[in-house]
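Data block below; observations after.
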Amino acid sequence: MLKNILILSSKDAGKNIINILKKKNKTLNFKIINSKDELDQFDAGFMAQTRLVSFLSAVIVSKNTIDSLGYGAINFHPGPPSYPGWAASNFAVYEGVKSFGVTAHYMNEQVDRGEIIAIDLFAVKENIDVNELVDKALHSLISLIHRLSIQLVTEDAITPLQIPWGTRSTTKKMFNSYCQLEEDISKEEFLRRVKAFGGFATSTLQLHSENRVYVVDQSAGILPDKAYKTLHGVRFVET
């Protein structure tokens, strides 16, 4: 019998999800966790009566843990099936997509490769920035939680859709490589990188010049003990 729902997420997001799911089934025990250590504390009996819902979590759940769950593990991925992996919104902005979305899928031993159970797609306006796309994806994920809420709190398994994942999975290593800027980078490519991989994390953009490493300078003034570089109109400061 399904008795427990584990929400693998931040505290605030987890509380929001619990509020949504409790409206459909108040009899279940809901618990928010946000680390592998917390996940490992439950015994086999508890896990046999449990479904896991992962929402915007970077925790990689092991195959043994997934197999121990009597009612499976479902992940809500902030990207469409064509963008499995890390930082989907950033890569989508870089590649100038005209549509985007989010995906709910069963979890298995491969990240963002389990059977897909639901998607929510939306149009993307021209020149959208990363912050806006991330925000739209978040709202889309919440919409997907609402749509699947009854199924998430009942014992029946959710029937997978015949929708494949994209063949490329973006990674943190790929993300970091796009944040490494050489001084001879073209203006067009530089602006694409700033637009896609800057945004709320401009400090991740690094300029390599004369054996020095610079990051985007977000301060108002110039300090006498710091070295600065300007590239295509953007000022960088030495780390």
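Here are a few things to note about the model shown:
- Options ASP135, ASP156, ASP120: the member that is out of contact with any Cys (no Cβ under 7 Å at 6 or more places or on another chain) and assigned to a loop (DSSP other than H, G, I, E, B): ASP156
- Check on ALA220, small (Gly, Ala, Ser), more than 27 Å from VAL102 (Cβ to Cβ), touching a strand residue (DSSP E or B) at 6+ places or on another chain (Cβ under 8 Å) and not assigned by TED's automatic domain parsing to the domain that holds LYS24: no
- Residue list for the stretch 50-101, filter: surrounded by fewer than 16 Cβ atoms within 10 Å (Cβ to Cβ) and among the polar types (S, T, N, Q): SER62, ASN64, SER99
- Residues located in the stretch 172-192, provided they are touching a residue at least 40 places away in the same chain (Cβ under 8 Å), surrounded by 17 or more Cβ atoms within 10 Å (Cβ to Cβ) and either in contact with a Lys or Arg (Cβ under 6 Å, 6 or more places away or on another chain) or under 14 Å from TYR94 (Cα atoms) (or both): PHE175, TYR178, PHE190, ARG192
- The helices (runs of 4 or more DSSP H) found entirely in the stretch 5-83 that carry 2 or more residues being modelled with pLDDT of 95 or more are 11-22, 44-48, 63-68.
- Any hit, the stretch 21-37, residues being in contact with a helix residue (DSSP H, G or I) (Cβ under 6 Å, 6 or more places away or on another chain), touching a residue at least 40 places away in the same chain (Cβ under 8 Å) and not hydroxyl-bearing (Ser, Thr, Tyr): yes
- The condition of being among the β-branched types (Val, Ile, Thr), over 30 Å from LEU191 (Cβ atoms) and either assigned by TED's automatic domain parsing to the domain that holds LEU148 or part of a helix (DSSP H, G or I) (or both) holds for only one of VAL102, VAL111, VAL97, VAL93, that being VAL111.
- Residues located in the stretch 180-211, provided they are hydrophobic (A, V, I, L, M, F, W, C), modelled with pLDDT of 90 or more and in a loop (DSSP other than H, G, I, E, B): ILE185
- Within the stretch 202-225, the residues that satisfy the criterion of being surrounded by 12 or more Cβ atoms within 10 Å (Cβ to Cβ) and of a type outside the set (D, E, K, R) are THR202, SER203, THR204, LEU205, GLN206, LEU207, HIS208, SER209, VAL213, TYR214, VAL215, VAL216.
- Count - residues of the stretch 193-228 that are farther than 29 Å from ALA92 by Cβ and not hydroxyl-bearing (Ser, Thr, Tyr): 11
- Pairing residues of the stretch 39-56 that are in the same structural domain as PRO78 (by TED's automatic domain parsing) and free of Cβ contacts under 8 Å to residues at least 24 places away in the same chain with residues that are among the hydroxyl-bearing types (Ser, Thr, Tyr) and part of a helix (DSSP H, G or I), at Cβ distances under 6 Å and at least 6 apart in sequence or on separate chains, gives MET47/SER68.
- Residue ID - surrounded by the fewest Cβ atoms within 10 Å (Cβ to Cβ), chosen from residues in the stretch 123-168 that are of a type in the set (A, V, I, L, M) and without any contact (Cβ under 8 Å) to a residue 40 or more places away in the chain: ALA123
The values are calculated or read from the model by the stated rules, or taken from the named source; none is laboratory data. Small disclaimer: the values here were computed from a predicted structure and weren't measured. Here the Cβ is made from the backbone with ideal geometry for all residues, glycine too, and neighbour counts use every protein chain on show.
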